[in-house]
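A.B. asks: This is the structure I have questions about; it appears just below.
Each reported figure results from applying straightforward, stated rules to the coordinates on display, with no laboratory input. Keep in mind it's a predicted model, so treat the numbers as computed, not measured. Please note: Cβ atoms are built from the backbone with ideal geometry, for glycine as well, and neighbour counts cover all protein chains shown.
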């Protein structure tokens, strides 16, 4: 049974591309969230099996902060996606379990591989 994925991405083209890729592979994709607030709301509403979380989001909170809030109420794996992977510091993720990081735009094979890996963990 394929997983339900929540995409949290404020760049419409990247979100659309990931959504199309995942649906073609048989995944169920919840409506795309573009802010930390929508991410929390959609996680409650759609109960995804995994979250694809952009690090830079609309609003005051970034994707790391948004995921910390979500993980206080539900245990769910996350793949952080960023256009600036070289600027990330490991300390930013020190308190987060079960995550991976991909650069934008994510390669289809790597995205599917990580979703499957984290979904089994």
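A.B. asks: What shape does the stretch 1-45 have by the C-alpha gyration tensor, where a ≥ b ≥ c are the square roots of the eigenvalues, rounded means a/c under 1.5, and otherwise prolate means a/b greater than b/c and oblate the rest?
C.D. replies: Judged from the Cα gyration tensor, the stretch 1-45 comes out oblate (a/c at least 1.5, b/c at or above a/b).
A.B. asks: Mind sorting 32, 12, 101, 78 by how few other Cβ atoms lie within 10 Å of their own Cβ, fewest first?
C.D. replies: The fewest-first ordering by Cβ neighbours comes to 12, 101, 32, 78.
A.B. asks: Something else now. Answer with a single label: of [x] 34, 30, 29; [y] 45, 39, 26; [z] 88, 45, 36, which was calculated as Cα extents along the principal axes in Å from the structure in view?
C.D. replies: Working out Cα extents along the principal axes in Å from the coordinates points to [x].
A.B. asks: Turning to a different aspect of this structure: With springs only between Cα atoms under 10 Å, which of 67, 80, 93 fluctuates most in a Gaussian network model of the chain?
C.D. replies: Looking only at 67, 80, 93, the largest GNM fluctuation is found for 93.
A.B. asks: What is the order of 95, 17, fewest Cβ neighbours within 10 Å to most? Please list the in-between numbers first.
C.D. replies: Details: 95 9, 17 16.
So the ranking, lowest neighbour count to highest, is 95, 17.
A.B. asks: Rank 21, 82, 73 by mean-square fluctuation in a GNM of the chain with C-alpha springs under 10 angstrom and give only the top-ranked residue.
C.D. replies: Its mean-square fluctuation being the largest, the pick is 73.
A.B. asks: Something else: Gap in Å between the Cα centre of the stretch 99-121 and the Cα centre of the stretch 1-29?
C.D. replies: Using only Cα atoms, the two centres lie 12 Å from each other.
A.B. asks: Taking other Cβ within 10 Å of each residue's Cβ, how do 120, 2 sort, fewest first?
C.D. replies: On the way: 120 7, 2 14.
Going from least to most buried by this count: 120, 2.
A.B. asks: A further question follows. Report, in deg cm²/dmol and to the nearest 500, the calculated mean residue ellipticity at 222 nm for the chain, where each DSSP H run with n ≥ 4 adds -39500 (n - 2.57) and the sum is divided by the residue count.
C.D. replies: Working: 4 runs with 46 residues, N = 121.
Calculated from helices alone, the mean residue ellipticity at 222 nm is -11500 deg cm²/dmol.
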